[in-house]
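The values are calculated or read from the model by the stated rules, or taken from the named source; none is laboratory data. These numbers come from a predicted model, not from an experiment. Because the Cβ atoms are built from the backbone with ideal geometry, glycine has one as well, and the counts that use them run over all protein chains shown. Side chains are part of the model used for accessible areas, which takes the heavy atoms of the whole protein and leaves out ligands, DNA and RNA. Shrake-Rupley method; radii C 1.70, N 1.55, O 1.52, S 1.80 Å.
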Amino acid sequence: MSSPNVPGKAYDAFLFDMDGTLLNSIAVVERIWGDWAKDHGLEPEVFLKTVHGVRASDTIRQLALPGVDPVLEAKKLLIEEMEDVDGIVQIPGAIRFLNGIPADRWAIVTSAPFELAKRRMAAAGIPMPKVLVTGEEVQAGKPSPECYLLGASRLGVDPKRCLVFEDAVAGILAGEAAGADVTVITTTHATPFQTPHFSIADYEAWTVKTIGGIGIGIVGA
């Protein structure tokens, strides 16, 4: 398992999840997915805990609801999510933190489709990275490591020399399976979960520093 000793350690690149890690879209998720859950006879409070970090179609497919087409339902939900960006904000300090990283040393790796990712990043003021991997581009979504392996490949770095920033269990497992170290962002989760990985609430107390002349790492601001 990846080392929890992240501060001060040098990496070739940082790979960021989006929802819950760089921006907070909980308000939108609770509105749209909460209504969807009630329409399908599910308890929203329980169901909403299962949707984070996973592609919409995969979430619905796992339910195995009779007569429900996961792909069709995911498309309907995407239309609603594209129209609703009210209340989407950056995780505190995220924009400043990203602006401190060389442009060729970071990527966003999200389960969201490309157009939705663009809309949400724009709403929160998150800068567009040179490398953006979306859920549409991989055969298997998180917790498969495919997305993080693709992100590292596009940056031209070894995934084992990367630091993944995540907030959800599926994404943490994906980062682990890719061989990367993981930092867990906790601010959007009302119910904390146990993790052996280095955890921070947000980016307010952290900054990016060149370490050893070539690597980048996170240090206290």
Legend entry - Span per principal axis, largest first, for the Cα atoms of segment 26-83 (Å): 28, 23, 21
Legend entry - Spatially proximal aspartates and glutamates relative to residue 209 (Cα-Cα < 19 Å; intrachain offsets below 8 disregarded): 12, 104, 181
Inset, instruction - Just need the relative contact order of segment 26-83 here, percent rounded to a whole number, with Cα pairs under 8 Å and 6+ apart. - result: 31 percent
Inset, instruction - Give me the compactness ratio for segment 1-57, meaning the Cα radius of gyration over 2.2 N^0.38 Å. - result: 1.58
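Calculate the all-directions average of the projected area of segment 134-179's alpha-carbon convex hull, and give it in nm². Don't jump to the answer; show the numbers that get you there.
Numbers: hull surface 11.5 nm².
Hull-based average projected area comes out at 2.9 nm².
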Legend entry - Length released on extending from residue 96 to residue 204, taking residue separation times 0.36 nm less the Cα-Cα span: 38.0 nm
Inset, instruction - Could you grab the relative contact order for the chain? Cα pairs under 8 Å, six or more apart, rounded to a whole percent. - result: 31 percent
Inset, instruction - Evaluate segment 78-201: find the radius of gyration of its Cα atoms, find its Kirkwood radius, and give the ratio Rg to Rh. - result: 0.94
Legend entry - Compactness index (Cα Rg / 2.2 N^0.38 Å), segment 76-127: 1.24
Legend entry - Neighbourhood net charge (13 Å Cβ-Cβ; Lys/Arg +1, Asp/Glu -1) for residue 167: -2
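About the Cα centre of segment 26-83, what is the dipole size in debye to 20, counting +1 per Lys and Arg Cβ and -1 per Asp and Glu Cβ, all else neutral? Each step should come with its number before you reach the end.
Values: 7 positive and 11 negative charges, 36 e Å.
It works out to roughly 180 debye.
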Inset, instruction - Give the calculated FRET efficiency between residue 186 and residue 69 to the nearest 0.05, with a Förster radius of 35 Å applied to their Cβ-Cβ distance. - result: 0.50
Legend entry - Average Cα contact separation per residue, segment 101-184, under 8 Å, 6 or more apart, as relative contact order %: 26 percent
Inset, instruction - First obtain the Kirkwood hydrodynamic radius of segment 1-120 from its Cα pairs, then insert it into the Stokes-Einstein equation at 4 °C and 1.567 mPa s, and state the resulting D in µm² per second as a whole number. - result: 80 µm²/s
Inset, instruction - List the lysines whose Cα lies under 30 Å from the Cα of residue 75, skipping any in the same chain that are fewer than 8 positions away. - result: 38, 49, 118, 130, 142
Inset, instruction - With a 10 Å radius around each residue's Cβ, average the other Cβ atoms per peptide and rank 140-152, 98-110, highest first. - result: 140-152, 98-110
Legend entry - List 130, 76, ordered by accessible area with a 1.4 Å probe, largest first: 130, 76
Legend entry - Those residues of segment 70-104 whose amide nitrogen sits under 17 Å from the label point placed on residue 27, 7 Å along Cα→Cβ: 81-93
Legend entry - Inter-centroid distance (Cα atoms) of segment 21-46 relative to segment 78-132, Å: 20 Å
Inset, instruction - Report the accessible area of residue 204, computed with a 1.4 Å probe over the heavy atoms of all protein chains in place, in Å² rounded to the nearest 10. - result: 110 Å²
Legend entry - Calculated diffusion of the chain, Stokes-Einstein form, Kirkwood radius summed over Cα pairs, 37 °C and 0.692 mPa s, µm²/s: 187 µm²/s
Inset, instruction - Heavy atoms only, probe 1.4 angstrom, no DNA, RNA or ligands counted: give me 28, 157 ranked by accessible area, highest first. - result: 157, 28
